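The values are calculated or read from the model by the stated rules, or taken from the named source; none is laboratory data. In this text the structure is predicted, and so the values were computed from the model without any measurement. Using ideal geometry, Cβ is built from the backbone for each residue, glycine included, and neighbour counts are taken over all protein chains shown.
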Amino acid sequence: MKLRALFATLAVAALTVTVASAQSTGGLKIRVIDNADKSPVIGAAVTLSNTNKYVATTSVITKPDGTAIFPVLRVGGGYVIQVIMDGYAGVRQEVDVTNGNLKEFVIALVPEHVEKVTVIGEKQQVDLDQNEQSTKFSSDFIADLPVAGRFYQNVIALAPGVQDPDGDGNPNVNGARDRDFKTSVGGVSNVDPLTGQFLNQINTDSIEDLTVVTAGAGAEYGRAQGGFTQIIQKQGSNDFEGVFGMIYSSSKLDGNGSTGIANSLIPDFYRYQPSLQVSGPIVRDKLWYRLSEELIKREDPVVLATGGNIATTGTTLVSTDNQLTWQVSNRNKLAFNFRTDPKTQTHVGIGALVFVRVRHLGGAA
(Lines give C-alpha, C1' and ligand atoms only; values in the text may rest on other atoms or scores of the structure.)
Protein backbone atom coordinates (compact mmCIF):
# COMPACT_ATOMS: atom_id res chain seq x y z
CA MET A 1 0.00 0.00 0.00
CA LYS A 2 2.83 2.35 0.88
CA LEU A 3 4.59 1.77 -2.47
CA ARG A 4 1.34 2.29 -4.38
CA ALA A 5 0.75 5.57 -2.57
CA LEU A 6 4.31 6.67 -3.26
CA PHE A 7 3.96 6.02 -7.03
CA ALA A 8 0.68 7.90 -7.12
CA THR A 9 2.31 10.90 -5.42
CA LEU A 10 5.20 10.93 -7.87
CA ALA A 11 2.84 10.70 -10.85
CA VAL A 12 0.80 13.67 -9.63
CA ALA A 13 3.99 15.69 -9.05
CA ALA A 14 5.30 14.91 -12.56
CA LEU A 15 1.96 15.87 -14.08
CA THR A 16 1.98 19.12 -12.14
CA VAL A 17 5.51 19.98 -13.34
CA THR A 18 4.58 19.17 -16.94
CA VAL A 19 1.48 21.37 -16.83
CA ALA A 20 3.43 24.17 -15.16
CA SER A 21 6.18 23.94 -17.82
CA ALA A 22 3.63 24.04 -20.61
CA GLN A 23 2.03 27.09 -19.14
CA SER A 24 5.41 29.00 -18.74
CA THR A 25 6.45 28.79 -22.42
CA GLY A 26 5.05 30.20 -25.64
CA GLY A 27 6.10 30.99 -29.20
CA LEU A 28 6.16 33.64 -31.93
CA LYS A 29 5.17 33.43 -35.55
CA ILE A 30 6.34 36.39 -37.61
CA ARG A 31 4.74 36.91 -41.03
CA VAL A 32 6.52 39.42 -43.28
CA ILE A 33 4.55 41.01 -46.14
CA ASP A 34 5.02 43.78 -48.71
CA ASN A 35 3.09 46.85 -47.64
CA ALA A 36 2.11 47.68 -51.23
CA ASP A 37 0.41 44.48 -52.40
CA LYS A 38 0.36 42.47 -49.13
CA SER A 39 2.29 39.63 -50.75
CA PRO A 40 4.66 37.52 -48.62
CA VAL A 41 8.32 38.55 -48.57
CA ILE A 42 10.59 35.55 -49.09
CA GLY A 43 14.16 35.48 -47.80
CA ALA A 44 13.88 38.28 -45.24
CA ALA A 45 16.16 37.96 -42.21
CA VAL A 46 14.12 37.96 -38.97
CA THR A 47 16.30 38.37 -35.86
CA LEU A 48 14.99 37.73 -32.34
CA SER A 49 16.68 39.04 -29.20
CA ASN A 50 15.68 39.80 -25.61
CA THR A 51 16.75 42.67 -23.43
CA ASN A 52 16.49 40.44 -20.32
CA LYS A 53 18.69 37.73 -21.86
CA TYR A 54 15.81 35.19 -21.92
CA VAL A 55 17.06 33.86 -25.24
CA ALA A 56 20.21 34.04 -27.34
CA THR A 57 20.03 36.26 -30.40
CA THR A 58 18.72 34.11 -33.25
CA SER A 59 18.05 34.81 -36.95
CA VAL A 60 15.60 32.95 -39.18
CA ILE A 61 14.99 33.38 -42.92
CA THR A 62 11.34 33.68 -43.94
CA LYS A 63 9.81 30.75 -45.81
CA PRO A 64 7.91 30.89 -49.14
CA ASP A 65 4.80 31.95 -47.22
CA GLY A 66 6.77 34.81 -45.62
CA THR A 67 6.79 33.33 -42.10
CA ALA A 68 9.52 32.81 -39.52
CA ILE A 69 8.68 30.75 -36.41
CA PHE A 70 10.26 30.76 -32.96
CA PRO A 71 8.32 27.90 -31.30
CA VAL A 72 9.65 27.68 -27.73
CA LEU A 73 10.24 30.90 -25.84
CA ARG A 74 10.08 31.84 -22.19
CA VAL A 75 6.97 33.80 -21.22
CA GLY A 76 7.59 37.49 -20.65
CA GLY A 77 8.45 40.77 -22.31
CA GLY A 78 11.56 42.42 -23.68
CA TYR A 79 11.59 40.49 -26.95
CA VAL A 80 12.78 42.50 -29.97
CA ILE A 81 12.09 41.54 -33.59
CA GLN A 82 14.26 43.04 -36.36
CA VAL A 83 13.46 42.42 -40.02
CA ILE A 84 16.01 43.18 -42.75
CA MET A 85 15.51 42.72 -46.48
CA ASP A 86 17.35 44.21 -49.48
CA GLY A 87 15.36 46.99 -51.10
CA TYR A 88 13.18 47.55 -48.02
CA ALA A 89 13.54 49.77 -44.98
CA GLY A 90 14.46 47.84 -41.83
CA VAL A 91 11.81 47.32 -39.12
CA ARG A 92 12.33 46.96 -35.38
CA GLN A 93 9.42 45.96 -33.14
CA GLU A 94 9.11 44.94 -29.46
CA VAL A 95 6.78 42.00 -28.63
CA ASP A 96 5.70 39.90 -25.64
CA VAL A 97 5.37 36.10 -25.31
CA THR A 98 2.25 34.71 -23.59
CA ASN A 99 1.56 31.31 -21.99
CA GLY A 100 0.92 28.20 -24.03
CA ASN A 101 0.17 29.63 -27.49
CA LEU A 102 1.96 30.64 -30.71
CA LYS A 103 1.45 34.38 -31.02
CA GLU A 104 1.42 35.73 -34.58
CA PHE A 105 2.65 39.16 -35.68
CA VAL A 106 2.42 40.68 -39.14
CA ILE A 107 5.20 43.04 -40.20
CA ALA A 108 4.75 45.07 -43.38
CA LEU A 109 7.87 46.29 -45.19
CA VAL A 110 8.01 49.48 -47.24
CA PRO A 111 10.57 50.28 -49.99
CA GLU A 112 13.78 51.85 -48.74
CA HIS A 113 14.27 55.55 -49.53
CA VAL A 114 17.68 55.88 -51.11
CA GLU A 115 19.28 59.08 -52.39
CA LYS A 116 20.95 58.44 -55.72
CA VAL A 117 23.45 60.69 -57.46
CA THR A 118 23.81 60.09 -61.17
CA VAL A 119 26.96 61.40 -62.83
CA ILE A 120 26.71 61.70 -66.58
CA GLY A 121 29.89 62.08 -68.57
CA GLU A 122 30.42 62.41 -72.27
CA LYS A 123 33.38 60.82 -73.92
CA GLN A 124 35.34 63.30 -75.95
CA GLN A 125 37.19 62.16 -78.97
CA VAL A 126 40.84 63.13 -78.92
CA ASP A 127 41.85 64.89 -82.10
CA LEU A 128 45.50 64.03 -82.69
CA ASP A 129 45.83 66.93 -85.11
CA GLN A 130 44.60 69.44 -82.49
CA ASN A 131 47.32 70.45 -80.04
CA GLU A 132 46.01 73.83 -78.94
CA GLN A 133 46.80 74.84 -75.37
CA SER A 134 44.33 77.39 -74.03
CA THR A 135 42.88 78.79 -70.80
CA LYS A 136 39.33 80.13 -70.53
CA PHE A 137 38.00 82.69 -68.05
CA SER A 138 34.25 83.26 -67.66
CA SER A 139 32.55 86.52 -66.71
CA ASP A 140 31.69 85.13 -63.25
CA PHE A 141 35.34 84.27 -62.64
CA ILE A 142 36.50 87.70 -63.76
CA ALA A 143 33.88 89.48 -61.60
CA ASP A 144 35.02 87.67 -58.44
CA LEU A 145 38.73 87.96 -59.19
CA PRO A 146 40.64 90.24 -56.77
CA VAL A 147 43.02 91.66 -59.40
CA ALA A 148 44.52 95.12 -59.19
CA GLY A 149 42.71 97.37 -61.67
CA ARG A 150 39.90 96.68 -64.09
CA PHE A 151 41.75 95.59 -67.22
CA TYR A 152 41.60 92.36 -69.17
CA GLN A 153 45.41 92.28 -69.19
CA ASN A 154 45.35 91.56 -65.43
CA VAL A 155 43.30 88.43 -66.15
CA ILE A 156 45.48 87.28 -69.05
CA ALA A 157 48.54 87.22 -66.79
CA LEU A 158 46.89 84.42 -64.76
CA ALA A 159 47.16 81.95 -67.64
CA PRO A 160 50.13 79.54 -67.58
CA GLY A 161 53.12 80.86 -69.52
CA VAL A 162 51.84 84.46 -69.65
CA GLN A 163 53.80 87.18 -67.84
CA ASP A 164 53.61 90.95 -67.61
CA PRO A 165 56.50 91.91 -65.30
CA ASP A 166 56.46 95.64 -66.08
CA GLY A 167 52.64 95.86 -65.77
CA ASP A 168 52.21 97.86 -68.98
CA GLY A 169 49.38 95.65 -70.24
CA ASN A 170 51.44 94.04 -73.00
CA PRO A 171 52.24 90.52 -71.79
CA ASN A 172 54.72 88.07 -73.24
CA VAL A 173 53.99 84.38 -73.72
CA ASN A 174 56.67 81.77 -73.13
CA GLY A 175 59.42 84.35 -73.62
CA ALA A 176 58.10 85.98 -76.80
CA ARG A 177 58.24 89.74 -77.23
CA ASP A 178 55.33 91.75 -75.88
CA ARG A 179 54.51 93.10 -79.35
CA ASP A 180 54.08 89.52 -80.58
CA PHE A 181 50.91 89.09 -78.51
CA LYS A 182 47.59 89.53 -80.32
CA THR A 183 44.17 90.24 -78.80
CA SER A 184 40.91 90.23 -80.74
CA VAL A 185 37.67 91.65 -79.31
CA GLY A 186 34.52 90.37 -80.96
CA GLY A 187 36.58 89.21 -83.93
CA VAL A 188 38.25 92.63 -84.37
CA SER A 189 41.96 93.00 -83.68
CA ASN A 190 42.86 95.09 -80.64
CA VAL A 191 46.49 95.56 -81.71
CA ASP A 192 47.97 98.95 -82.53
CA PRO A 193 49.40 98.59 -86.07
CA LEU A 194 52.16 101.11 -85.24
CA THR A 195 53.54 99.69 -81.98
CA GLY A 196 52.22 96.11 -82.07
CA GLN A 197 50.87 96.56 -78.53
CA PHE A 198 47.28 96.79 -77.28
CA LEU A 199 45.06 99.45 -78.82
CA ASN A 200 42.00 100.02 -76.58
CA GLN A 201 41.13 99.43 -72.96
CA ILE A 202 38.20 97.03 -72.51
CA ASN A 203 35.75 97.39 -69.63
CA THR A 204 35.85 94.06 -67.76
CA ASP A 205 32.11 94.28 -67.04
CA SER A 206 31.49 93.91 -70.77
CA ILE A 207 33.47 90.66 -71.09
CA GLU A 208 31.41 87.49 -71.44
CA ASP A 209 34.25 85.07 -72.11
CA LEU A 210 38.03 85.37 -72.41
CA THR A 211 40.26 82.68 -73.93
CA VAL A 212 44.06 82.73 -73.86
CA VAL A 213 45.86 80.49 -76.39
CA THR A 214 49.50 80.00 -75.47
CA ALA A 215 50.53 77.27 -77.93
CA GLY A 216 49.23 75.25 -80.86
CA ALA A 217 47.06 78.00 -82.31
CA GLY A 218 45.02 77.08 -85.37
CA ALA A 219 44.96 78.63 -88.80
CA GLU A 220 42.30 81.14 -87.76
CA TYR A 221 44.95 82.95 -85.71
CA GLY A 222 47.61 85.03 -87.35
CA ARG A 223 49.90 88.06 -87.31
CA ALA A 224 51.59 87.07 -84.06
CA GLN A 225 54.44 84.86 -82.92
CA GLY A 226 53.54 84.74 -79.22
CA GLY A 227 50.13 84.09 -77.71
CA PHE A 228 46.59 85.02 -78.63
CA THR A 229 43.54 86.20 -76.74
CA GLN A 230 39.95 86.09 -77.88
CA ILE A 231 37.44 88.26 -76.01
CA ILE A 232 33.70 87.81 -76.47
CA GLN A 233 31.68 90.74 -75.14
CA LYS A 234 28.18 90.80 -73.76
CA GLN A 235 25.55 91.77 -76.32
CA GLY A 236 22.58 92.50 -74.06
CA SER A 237 19.45 90.46 -73.56
CA ASN A 238 15.71 90.75 -73.01
CA ASP A 239 16.38 91.62 -69.35
CA PHE A 240 17.59 95.03 -68.25
CA GLU A 241 20.91 94.98 -66.40
CA GLY A 242 22.93 97.74 -64.76
CA VAL A 243 26.39 97.43 -63.19
CA PHE A 244 28.26 100.21 -61.35
CA GLY A 245 31.78 100.00 -59.96
CA MET A 246 34.17 102.37 -58.23
CA ILE A 247 37.89 102.17 -57.41
CA TYR A 248 39.40 104.88 -55.20
CA SER A 249 42.78 105.41 -53.59
CA SER A 250 44.72 108.49 -52.51
CA SER A 251 47.64 109.78 -50.47
CA LYS A 252 45.27 110.03 -47.53
CA LEU A 253 45.07 106.24 -47.42
CA ASP A 254 48.70 105.50 -48.23
CA GLY A 255 51.93 106.11 -46.32
CA ASN A 256 51.98 109.09 -43.98
CA GLY A 257 48.54 110.14 -45.11
CA SER A 258 46.97 107.12 -43.46
CA THR A 259 48.68 107.88 -40.13
CA GLY A 260 47.80 111.56 -40.07
CA ILE A 261 51.45 112.64 -40.19
CA ALA A 262 51.86 115.60 -42.52
CA ASN A 263 54.76 115.74 -44.93
CA SER A 264 55.06 118.82 -47.08
CA LEU A 265 57.46 117.08 -49.45
CA ILE A 266 54.90 114.49 -50.52
CA PRO A 267 52.47 115.74 -53.19
CA ASP A 268 48.87 114.66 -53.33
CA PHE A 269 48.26 111.57 -55.43
CA TYR A 270 44.97 109.83 -56.07
CA ARG A 271 43.05 107.46 -58.26
CA TYR A 272 39.39 107.71 -59.25
CA GLN A 273 38.00 104.98 -61.49
CA PRO A 274 34.18 104.81 -61.71
CA SER A 275 32.49 102.57 -64.27
CA LEU A 276 28.93 102.06 -65.44
CA GLN A 277 27.38 99.51 -67.76
CA VAL A 278 23.73 99.17 -68.76
CA SER A 279 22.18 96.73 -71.20
CA GLY A 280 18.75 95.58 -72.26
CA PRO A 281 16.32 95.17 -75.14
CA ILE A 282 15.22 97.74 -77.68
CA VAL A 283 12.99 95.25 -79.49
CA ARG A 284 12.54 92.01 -77.59
CA ASP A 285 14.14 89.00 -79.29
CA LYS A 286 15.34 91.25 -82.13
CA LEU A 287 17.47 94.22 -81.06
CA TRP A 288 19.57 94.75 -77.92
CA TYR A 289 21.96 97.41 -76.64
CA ARG A 290 24.95 97.58 -74.29
CA LEU A 291 26.52 100.81 -73.05
CA SER A 292 29.83 100.64 -71.15
CA GLU A 293 31.47 103.78 -69.78
CA GLU A 294 34.54 104.13 -67.58
CA LEU A 295 36.61 107.08 -66.33
CA ILE A 296 40.19 106.76 -65.14
CA LYS A 297 41.65 109.84 -63.47
CA ARG A 298 44.82 109.36 -61.45
CA GLU A 299 48.01 111.01 -60.20
CA ASP A 300 50.78 108.52 -59.45
CA PRO A 301 53.80 109.37 -57.27
CA VAL A 302 57.31 108.90 -58.68
CA VAL A 303 60.46 109.06 -56.55
CA LEU A 304 63.02 111.12 -58.45
CA ALA A 305 66.71 110.39 -58.68
CA THR A 306 67.70 113.76 -57.20
CA GLY A 307 67.55 113.75 -53.42
CA GLY A 308 64.63 111.35 -53.15
CA ASN A 309 62.14 114.05 -54.15
CA ILE A 310 58.66 113.00 -55.27
CA ALA A 311 56.66 114.18 -58.26
CA THR A 312 53.48 112.90 -59.85
CA THR A 313 52.48 111.78 -63.32
CA GLY A 314 48.87 112.29 -64.31
CA THR A 315 46.56 110.16 -66.45
CA THR A 316 43.04 110.89 -67.63
CA LEU A 317 41.24 108.31 -69.74
CA VAL A 318 37.59 108.09 -70.78
CA SER A 319 36.67 104.64 -72.09
CA THR A 320 33.51 104.20 -74.15
CA ASP A 321 32.38 100.84 -75.51
CA ASN A 322 28.84 100.73 -76.90
CA GLN A 323 27.19 98.01 -78.98
CA LEU A 324 23.95 97.32 -80.80
CA THR A 325 23.13 93.72 -81.71
CA TRP A 326 20.49 92.81 -84.29
CA GLN A 327 19.11 89.29 -84.71
CA VAL A 328 18.94 89.21 -88.49
CA SER A 329 17.80 85.59 -88.71
CA ASN A 330 17.69 82.51 -86.56
CA ARG A 331 21.34 81.78 -87.31
CA ASN A 332 22.81 85.22 -87.99
CA LYS A 333 23.43 88.34 -85.92
CA LEU A 334 24.77 91.73 -86.88
CA ALA A 335 26.65 93.82 -84.29
CA PHE A 336 27.48 97.54 -84.45
CA ASN A 337 30.25 98.47 -82.02
CA PHE A 338 31.71 101.87 -81.14
CA ARG A 339 34.84 101.91 -78.99
CA THR A 340 37.07 104.82 -78.02
CA ASP A 341 39.35 105.71 -75.11
CA PRO A 342 41.09 109.09 -75.49
CA LYS A 343 43.97 109.40 -73.05
CA THR A 344 45.76 112.42 -71.68
CA GLN A 345 49.05 112.21 -69.74
CA THR A 346 51.03 114.83 -67.88
CA HIS A 347 54.69 114.84 -66.83
CA VAL A 348 55.46 112.18 -69.41
CA GLY A 349 58.90 110.62 -68.99
CA ILE A 350 59.37 111.19 -65.27
CA GLY A 351 61.04 108.17 -63.71
CA ALA A 352 63.19 107.03 -60.84
CA LEU A 353 66.35 107.17 -62.98
CA VAL A 354 65.64 110.53 -64.59
CA PHE A 355 67.53 113.45 -63.05
CA VAL A 356 65.07 116.27 -62.60
CA ARG A 357 65.49 119.51 -60.66
CA VAL A 358 62.39 120.11 -58.57
CA ARG A 359 61.48 123.79 -58.22
CA HIS A 360 58.32 123.43 -56.17
CA LEU A 361 55.85 120.78 -55.12
CA GLY A 362 54.27 118.87 -58.00
CA GLY A 363 56.31 120.65 -60.65
CA ALA A 364 59.54 119.73 -62.34
CA ALA A 365 61.74 121.34 -64.93
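When the residues of segment 275-288 are filtered to those that are in a strand (DSSP E or B) and either over 29 Å from the mean Cα position of the chain (by Cα) or of a type in the set (Val, Ile, Thr) (or both), the one that is surrounded by the fewest Cβ atoms within 10 Å (Cβ to Cβ) is Val283.
When segment 304-363 is limited to residues that are surrounded by 11 or more Cβ atoms within 10 Å (Cβ to Cβ) and at positive phi, the one that is modelled with the highest pLDDT turns out to be His347. A single entry from Tyr54, Tyr79 fulfils the requirement of being surrounded by 15 or more Cβ atoms within 10 Å (Cβ to Cβ), in contact with a strand residue (DSSP E or B) (Cβ under 9 Å, 6 or more places away or on another chain), outside any strand (DSSP E or B) and not hydrophobic (A, V, I, L, M, F, W, C): Tyr54.
Can you pull out the residues in segment 187-205 that are under 15 Å from Gln235 (Cβ atoms) and surrounded by 15 or more Cβ atoms within 10 Å (Cβ to Cβ)?
Filtering segment 187-205 for residues under 15 Å from Gln235 (Cβ atoms) gives 187-188, 202-203, 205.
Those that are under 15 Å from Gln235 (Cβ atoms) and surrounded by 15 or more Cβ atoms within 10 Å (Cβ to Cβ): Ile202, Asn203, Asp205.
Please verify whether Val155 is crowded, with 21+ Cβ neighbours inside 10 Å and either in contact with a Gly (Cβ under 6 Å, 6 or more places away or on another chain) or not assigned by TED's automatic domain parsing to the domain that holds Ser292 (or both), treating the condition exactly as stated. Walk me through it before giving the result.
Values: crowded, with 21+ Cβ neighbours inside 10 Å: yes; either in contact with a Gly (Cβ under 6 Å, 6 or more places away or on another chain) or not assigned by TED's automatic domain parsing to the domain that holds Ser292 (or both): yes.
When the stated conditions are applied, Val155 passes them.
If the condition is being of a type outside the set (Asp, Glu) and farther than 17 Å from Asn50 by Cβ, then segment 65-101 contributes Gly66, Thr67, Ile84, Met85, Gly87, Tyr88, Ala89, Gly90, Val91, Gly100, Asn101.
Could you tell me which of the residues Val72, Val91, Val106 is surrounded by 15 or more Cβ atoms within 10 Å (Cβ to Cβ) and of a type outside the set (Lys, Arg)? When all the criteria are applied, what remains is Val91.
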